[in-house]
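**Student:** To start, I am sharing the structure in question, which I have written as structure tokens.
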Amino acid sequence: MDASCTVLYYLVSFIFLTDSSEIPFHEKMLLKSLGLKRRPSPNNPGPVPRTLWDIFDKGINEERPCRMEAFGVPGNIVRSFRDQGGFISREAPQGPLCFQKHLFFDLTAVEKKEQVTFGRLEIKFKHNTYYGQEFRLNLYRTMRLSLKGMREMNRKLLVSQSFRILHKSIHLPLTKMVKDWTSPEKNMGLLLEIYAEGNSKSVRGLSGPCDQIRSLTHTTLLIVSLDPSNCKASRSKRNTHPTLPSPSNICGKKRLYIDFKDVGWQNWVIAPRGYMANYCHGECPYPLTELLRGTNHAVLQTLVHSIEPETTPLPCCAPTKLSPISMLYYDNNDNVVLRHYEDMVVDECGCK
């Protein structure tokens with residue numbers, strides 16, 4: 001059973017066993033299939049990035065299910081990590097330096113089996129108006145931390161660029177570095193420095209240009225990765241078999257809507273609030289017809305069953321075609337995750 005089938009199996013089992021003592025085990029296994037150590041309980045969740053909402057709204061590309069077209073790279077997982085670093089000094093800056101900030105992103109949620117294909121740093125400010133004042137951004141990679149703290153650290157300059165406070169965020173590519181950071185011992189974070197350039201002007205009653213830029217809203221790191229175990233290189237086209245006009249006890253697809261509120265997941269699953277998962281149920285009688293989509297093995301098994309019914313059971317009614325869904329949720333560190341899961345919706349059933 002692959003990762004996505006495991007998710008669907010445990011999710012359906014979890015709902016049907018709501019009053020059973022087995023619930024903790026089923027939920028634990030289900031969350032593990034989703035890449036979570038425990039049920040998330042967001043304390044101070046940040047906003048969902050517009051980029052993730054756009055990808056979720058567009059849905060999964062049936063022809064290219066394991067590619068994130070928004071970034072032009074392979075992938076089926078998008079994570080938005082919030083900065084956990086702090087300002088190096090709260091004292092008033094000297095000269096043109098507005099502030100120094102240590103940026104740190106905990107990437108331990110990225111599993112070893114995942115292949116990182118894209119990384120991008122986003123810097124946003126509260127003031128989204130054009131003031132005319134120019135600033136300089138210096139971004140350093142922290143190579144080694146000193147016992148004396150951030151002021152004595154070993155660093156390497158990555159980016160140095162001028163900018164003005166505009167309506168757009170500042171995006172900086174960090175794919176290569178993020179790949180290194182998946183090894184925790186190499187993740188020392190970044191150092192961000194902002195300087196005021198040119199003639200410093202006072203704007204709208206503010207004491208200086210640094211008062212405009214010091215209102216740093218938040219810094220986030222967006223990562224795209226590919227989980228090969230939950231990815232199909234291609235998906236066959238939907239079968240055109242007619243619907244089976246037979247009694248309800250014959251193998252067929254049954255409707256099952258899974259509402260995440262029913263399993264207590266509404267606090268951390270952002271979207272969808274639920275989905276139509278469906279399931280297969282019914283008998284596979286002898287002789288199997290083409291409409292029951294029986295495998296060659298199932299056909300032979302029903303033949304043997306007709307001869308020796310007490311020793312050989314009939315084939316089972318099982319999914320023959322499944323489709324994926326996307327889930328947008330908070331992980332155990334309050335980061336926003338968008339993940340594509342294969343084989344989550346039963347489209348067609350047959351005898352196996």
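The values are calculated or read from the model by the stated rules, or taken from the named source; none is laboratory data. This structure is a prediction, so every number in the text was calculated from the model and none was measured. Virtual Cβ from ideal backbone geometry, glycine too; neighbours counted across all protein chains shown. For the accessible areas, the whole protein counts, side chains as well, though only heavy atoms, and no ligand, DNA or RNA atoms are used. Shrake-Rupley method; radii C 1.70, N 1.55, O 1.52, S 1.80 Å.
**Student:** Take the residues in the stretch 154-203 that are farther than 26 Å from residue 223 by Cα and part of a strand (DSSP E or B), then tell me which one is modelled with the highest pLDDT.
**Tutor:** Per the criteria, the residue is 195.
**Student:** Go through (1) at pLDDT 90 or above; (2) surrounded by fewer than 16 Cβ atoms within 10 Å (Cβ to Cβ) and name the single condition residue 97 misses.
**Tutor:** All conditions pass for residue 97, except number (1).
**Student:** Continuing with this model, one more query. Part of a loop (DSSP other than H, G, I, E, B), touching a residue at least 60 places away in the same chain (Cβ under 8 Å) and surrounded by fewer than 17 Cβ atoms within 10 Å (Cβ to Cβ) - does that describe any residue in the stretch 334-348?
**Tutor:** Of the stretch 334-348, the ones part of a loop (DSSP other than H, G, I, E, B) are 334-335.
If we keep only those that are touching a residue at least 60 places away in the same chain (Cβ under 8 Å) as well, we get 334-335.
Now restrict to residues that are surrounded by fewer than 17 Cβ atoms within 10 Å (Cβ to Cβ): 334.
So far as the stretch 334-348 goes, yes, one or more of its residues are part of a loop (DSSP other than H, G, I, E, B), touching a residue at least 60 places away in the same chain (Cβ under 8 Å) and surrounded by fewer than 17 Cβ atoms within 10 Å (Cβ to Cβ).
**Student:** Before we move on, is residue 120 touching a strand residue (DSSP E or B) at 6+ places or on another chain (Cβ under 9 Å), more than 29 Å from residue 323 (Cβ to Cβ), buried (at least 17 other Cβ atoms within 10 Å of the Cβ) and modelled with pLDDT of 95 or more?
**Tutor:** Numbers: touching a strand residue (DSSP E or B) at 6+ places or on another chain (Cβ under 9 Å): yes; more than 29 Å from residue 323 (Cβ to Cβ): yes; buried (at least 17 other Cβ atoms within 10 Å of the Cβ): yes; modelled with pLDDT of 95 or more: yes.
Yes, satisfied.
**Student:** Here's a follow-up. Scan the stretch 321-333 residue by residue and report those that are open to solvent by less than 10 Å² (accessible area, probe 1.4 Å) and of a type in the set (A, V, I, L, M, F, W, C).
**Tutor:** Result: 327, 328.
**Student:** Name the residues in the stretch 272-297 that are surrounded by 17 or more Cβ atoms within 10 Å (Cβ to Cβ), out of contact with any Gly (no Cβ under 8 Å at 6 or more places or on another chain) and hydrophobic (A, V, I, L, M, F, W, C), would you?
**Tutor:** 277
**Student:** Also: State all residues of the stretch 303-320 that are within 19 Å of residue 281 (Cβ to Cβ) and surrounded by fewer than 13 Cβ atoms within 10 Å (Cβ to Cβ); if no residue qualifies, say none.
**Tutor:** Hit for the stretch 303-320 is 313, nothing else.
**Student:** Name the single residue that is surrounded by the most Cβ atoms within 10 Å (Cβ to Cβ) among those in the stretch 41-64 being under 14 Å from the mean Cα position of the chain (by Cα) and part of a loop (DSSP other than H, G, I, E, B).
**Tutor:** 60
**Student:** Quick check on residue 209: is it within 17 Å of the chain's Cα centre (by Cα) and either open to solvent by 20 Å² or more (accessible area, probe 1.4 Å) or at pLDDT 65 or above (or both)? Please lay out each step first, then the result.
**Tutor:** Values: within 17 Å of the chain's Cα centre (by Cα): no; either open to solvent by 20 Å² or more (accessible area, probe 1.4 Å) or at pLDDT 65 or above (or both): yes.
When the stated conditions are applied, residue 209 does not pass them.
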